[in-house]
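What follows is calculated from the coordinates using simple rules that are stated; it is not laboratory data. Owing to the predicted nature of the structure, the values given are computational and were not obtained by experimental measurement. No Cβ is skipped: glycine too gets one built from the backbone with ideal geometry, and neighbour counts run over all protein chains shown.
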Amino acid sequence: MRYFLRRAGFFAATLWAAVTLNFLIPRLQPGDPAEAIVARLSGRSQAIDPAQVAAVRTMLGAPDGTLLTQYVNYLGAVLRGEFGVSYTYFPYPVTHMIGQALWWTVILVGVTHVLSFAVGTLLGAWAAHRRNTRADSVITLGSTFVGTLPFFWLALMLIYLFAITLNWFPARGGYGPGSNPGWSWIFFSDAFQHSVLPALALLIVGPIGWIIGMRNNMVQTLGEDYARLARAKGLPQRRIALTYGARIAILPNVTGFAMALGGILGGTVLVESIFNYPGLGRMMLDSVTNRDYPLMQALFLFITIGVLLANFLADMLYGVLDPRVRREVAA
Amino acid sequence: MALLEVRELSVTYRPRDAAHVHAVDRVGFDVDEGEFVGLLGESGCGKSTLGNAVLRLLDKPAAISGGSVVFDGVDVTHASEEDLRPLRWARISTVFQSSMNALNPVITVGAQFDDAFRAHDAQGDAAALMEMVALDPDVLRRYPHELSGGMRQRAALALALALRPKFVLLDEPTTGLDVVVQRTILDRLRELRAELGFAVLFISHDLGTVMEMADRVMVMYAGEIVEDQPAAAMLTRPLHPYTRGLLGSYADPRAAEVSVDYVPGRPPDLSREQTGCRFRERCPVAVAACATTHPPLAPAGPGAVRCVLGGDLPEAGQARAFSPDRPELTTTAPGEPVVSVREVVKDYRVRRGWRTTVTRAVDRVSFDLRPGRVTALVGQSGSGKTTLARLVTGIERPTSGTVAFGDLDVGGLRGRRLTRYRRHVQIVFQDPFAALNPTRTVGYALARPLRNHLGLGERAAVEKAAELLEAVGLHPAEQYLDKLPHQLSGGQRQRVVIARALAPEPSVLVADEPISMLDVSIRAEILQLLDRLARDRGIAMLYITHDLLSARLLADEVIVLRDGRVVESGPALRVIRHAEHAYTKLLLDSIPTLTRTL
């Protein structure tokens, strides 16, 4: 219980620090969003009229007052869940925009993450079980090879092959022009078709880390005295591989996985940019290029909370899985 | 037909990027039903590899490269893994070296018993087995990390006996455990064997335990068995000069005169082709024929020996001996103390769950260290020995009491003054393999303290480093300066560690179990070196050990610690020969004795 409280306290402190940094960092960046908007609206070469800037500022509800009052107002707003209005998607509130993008990312990245972890861990365990055989070499060398390929190149190859040459799947976007987001069969099948290529790209690269991690951990555990003793005990191969190998080797991978889940909220900037996918990653990129402070801040905060929560989850999960830390957790 | 028949067994390590090593070379022996056989040898002689080969547990790159192992009529070497399964544990089981790692850390002890029962469709009463090794059946519900080293090892023994095997292979079952804990396990093992009648192959580097436990002892050297005869006969008349050297390295610390031998040199490199006798370079009685003849294991006396001399060792040509030679020790110590420890207390706070518990590691301990004198701190693990060493070196500060170096209060030193103090107090660590940076040469390791503490220039530091190497018996020094730690043997590394400790010309040397990781045959050599350095250079030495024999050999004064308190102290001779406190007696009684076999 104490352990739990301590972890929770740590969680709260980190969260506060993250919120504060999140407030400060965009303000330390050079440039003024209102000026940027005005400049864009009026064409880059013209001089900017201060009155115009002031008007845009008022419209956007840009911050006033000292840094401290801004900070206090900001904290209050965060607590109420108000993140303001997006500058670029005016007049939609930031939360609305995030809510829209969130599902695209959670489904695409979430599903591929889980699948990658499952496939990667299984393949890694299989390679370790058959260590120093041809199967092991194929899995290990193959994943190392694929892991060295640049991701964007792989993604472009997929687009070239399946979208342009074979024309099996659409190359970009979350859904086609013929369908509108809603609870309709047409939309879902369309969205699925659009998600195949980005998902494929993620699934090719995703399992590699898990394969290598799992294989190496498990080869090590299988070389430990307890695994040798299990062989001496005449236990069936399966039992040795599972209880004396995989069961122990998976522990660091589980932590890694729980932490990787936090990254889902950030989406994958690269994959979403390449496939022009309407998820959080692309939205983040856009918000940065457009100096859309409210959206940017909300997104960063979102990601931070996601990572922190995932860390917290990983700590708790580890306690359940590994009796060596459980005592401390239970205490 | 014997229970276990090993014939011409060879094991070769074939690493991908290094020379092949013939770790076990055409070894043959039998173990009869109910027989207790000891396999004695030093690190790297191939004894554990042989054990793993018998169990068919070798992992790549090691593999059986010839010969056979037949157990109970089954050819273990050529059977498939599936054919071996019914044999494993049900008839042939094992206990590994005591360590956390012999039991699966993520399942309960009980689950590991169930595993064994289920794999062999056997019914068994794990609780009864636990009681057999004097453990509470409640232990079955616990995880390995919740048990002490001794409890884990007893659980492992109970597990090995779960299916009532005919044969148990014990590979260093008590190494790393306390003498007292070792004693309880060995006694239990002897009783259980009498009751259940299983045969044992007991692999160990510890002469005392092997001689005490085994009916018959085989001595292994450089991948071969060099002697094989009943333990009692081996004690009175060893047939091989190596065995004689090993026996000489052992002595009863309570005897009136104590002297231990050592065998200088190191075993041959088994990745090379061997000609002649493999022991000849270390042999004190070698003759011309040894260089050309590779002697067979031939019958001699009541057993067999692999020696050109055929078991008739000349009296002369003992291995070199070290016996403490110093003036009467009972007189009051000369000289002012260099370090005075007074009423020192050290508490550690451990936060666990809700509570913060305070553990008192050291409780009101006082002693003095004097120039040219060796003070031994003796006790079991957890008795506070190492904490005291840390207090003396200034790594830890006492909770109360003082550690004084002259008129300097060590506990109050900080920053640069602490660094300056460290020049005077140096440490020799336990593990010579971990104490040297593997990527730096010996010359660098020695030059560092010379330049830091003495402010020598590069040229002067190298010259001084060479001098130090000569002083610790590594000569010619030029040959060692550019070597990396992995190119040296354990004994040579420990000499380098000692040389490094001597570099800043300290007045106090703290030696924390400096010989416990070394091979038995060379321990006395290092003890002799430490002894000479302390006497010749007038260094005050704090010698930390659990081994009373070495304390007797090296120390002038002995302090026996238990749970952080001094239970007995005084001149080494008196404390060890005429121990007064029950705890000191317990420590002494726990030492395996050779005479028990006679």
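Translational diffusion of segment B:132-211, estimated by Stokes-Einstein from the Kirkwood radius over alpha carbon pairs at 25 °C in a medium of 0.890 mPa s, is 186 µm² per second.
Any chance you could run the full-extension gain for residue B:269 through residue B:191? It's 0.36 nm times the residue separation minus the Cα-Cα distance, nm to one decimal.
On the way: separation 78, 0.36 × 78 = 28.08 nm, distance 4.06 nm.
So the extension gain works out to 24.0 nm.
Look at the alpha carbon pairs under 8 Å that are at least 6 residues apart: their mean separation over the length of chain A gives a relative contact order of 26 percent. Between A:127, A:232, A:12, the Gaussian network model of chain A with springs among Cα atoms under 10 angstrom shows the greatest mean-square fluctuation at A:232. Take every Cα pair under 8 Å whose residues are at least 6 apart in sequence, average their separation, divide by the length of chain B, and the relative contact order is 14 percent.
Can you give the average number of partner chain beta-carbon atoms within 10 Å of each beta-carbon in peptide B:49-59, as a whole number? Walk me through the intermediate numbers first.
Values: counts 0, 0, 0, 2, 0, 0, 4, 2, 5, 1, 7.
Per residue, the number of nearby Cβ atoms from other chains is 2 on average.
Antiparallel DSSP bridges in segment B:339-597: what percent, to the nearest 5? Within segment B:339-597, antiparallel bridges account for around 55 percent of the total. Once the chain from residue A:92 to residue A:135 is taken as fully extended at 0.36 nm per residue, the excess over their C-alpha distance is 10.1 nm. In this rough spin-label picture, where each label sits 7 Å from Cα along the Cβ direction, the residue A:72-residue B:175 distance is 7.0 nm.
Rounded if a/c is under 1.5, else prolate if a/b is larger than b/c, else oblate: which is chain A, with a ≥ b ≥ c the root eigenvalues of its Cα gyration tensor? Oblate is the answer for chain A, as a/c is 1.5 or above yet b/c matches or exceeds a/b.
Charged neighbours of residue B:377, selected by a Cβ distance under 11 Å, balance to -2 (K, R count +1; D, E count -1). Remark: the protein assembly as shown carries a charge dipole of roughly 1920 debye about the Cα centre, counting +1 on each Lys and Arg Cβ and -1 on each Asp and Glu Cβ.
For chain B, no complete DSSP H run has alpha carbons reaching 30 Å or more along its own long axis together with a mean Kyte-Doolittle score of 1.0 or higher.
For the residues B:35, B:470, B:257, B:195, what sequence is obtained by ranking on other C-beta atoms within 10 Å, fewest first?
B:257, B:195, B:470, B:35
Applying the Kirkwood pairwise sum to the alpha-carbon positions of chain B produces a hydrodynamic radius of 26.0 angstrom. Across segment A:142-212, C-alpha contacts under 8 Å between residues 6 or more apart give a mean separation that, scaled by the residue count, equals a relative contact order of 40 percent.
Of the beta bridges DSSP finds with both residues in the protein assembly as shown, what % are antiparallel, to the nearest 5?
Values: 56 of 93 bridges.
Antiparallel bridges make up about 60 percent of those DSSP assigns within the protein assembly as shown.
For segment A:222-264, what is the charge dipole size about the Cα centre, in debye to the nearest 20, if Lys and Arg each add +1 at the Cβ and Asp and Glu each add -1 at the Cβ? Approximately 260 debye in magnitude.
Each of residue B:454 and residue A:5 was given a label point 7 Å from its Cα along the Cα-to-Cβ line. The distance between the two points is 5.8 nm. Among the trypsin sites (Lys or Arg not before Pro) in segment A:61-150, those placed in a DSSP loop whose Cβ has at most 16 other Cβ atoms within 10 Å are A:130. Between the residues B:461, B:592, B:522, the greatest Cα displacement towards the positive end of the dipole of segment B:339-597, with unit charges on the Cβ of Lys, Arg, Asp and Glu, is found for B:461.
Using r as the Cβ-Cβ distance of residue A:13 and residue B:358, and R0 as 30 Å, what FRET efficiency do you calculate, to the nearest 0.05?
Working from the Cβ atoms, E equals 0.60.
In a reduced charge model with +1 at each Lys and Arg Cβ and -1 at each Asp and Glu Cβ, segment A:98-330 shows a dipole moment near 1020 debye about its Cα centre. If the chain linking residue B:395 and residue B:419 were pulled fully straight, counting 0.36 nm for each residue of separation and taking away their Cα-Cα distance, it would gain 7.6 nm. In this structure, residue B:482 and residue B:535 have a Cβ-Cβ separation that, at R0 = 30 Å, corresponds to a calculated FRET efficiency of about 0.45. Exposed loop sites were defined as trypsin sites (Lys or Arg not before Pro) in DSSP loop states (anything but H, G, I, E or B) carrying at most 10 other C-beta atoms within 10 Å; in chain B the longest segment without such a site runs B:17-271.
Once you order the gyration tensor axes a ≥ b ≥ c over the Cα atoms, which shape class does segment B:339-597 get: rounded for a/c under 1.5, otherwise prolate or oblate by comparing a/b with b/c? Don't skip to the answer; put the middle values down first.
Numbers: a/c = 1.80, a/b = 1.29, b/c = 1.39.
It comes out oblate by the Cα gyration axes.
I'd like the antiparallel share, as a percent to the nearest 5, of DSSP beta bridges with both residues in chain B. It would help to have the intermediate numbers written out before the result.
Working: 55 of 92 bridges.
If we restrict to bridges inside chain B, about 60 percent are antiparallel.
By the Cβ-Cβ criterion of under 4.7 Å, the unpaired cysteines of chain B are B:45, B:283, B:307.
Using a ≥ b ≥ c from the Cα gyration tensor of the protein assembly as shown (square roots of the eigenvalues), is it rounded, prolate or oblate, where a/c under 1.5 gives rounded and otherwise the larger of a/b and b/c decides, a/b for prolate? It comes out prolate by the Cα gyration axes. Round to the nearest 0.05 the FRET efficiency obtained for residue B:336 and residue B:574 when R0 = 22 Å and r is the Cβ-Cβ distance. Taking R0 as 22 Å, the efficiency between residue B:336 and residue B:574 is 0.40. Site pair residue B:138 and residue A:180 shows an inter-label distance of 7.1 nm when each label is modelled 7 Å from Cα along Cα→Cβ.
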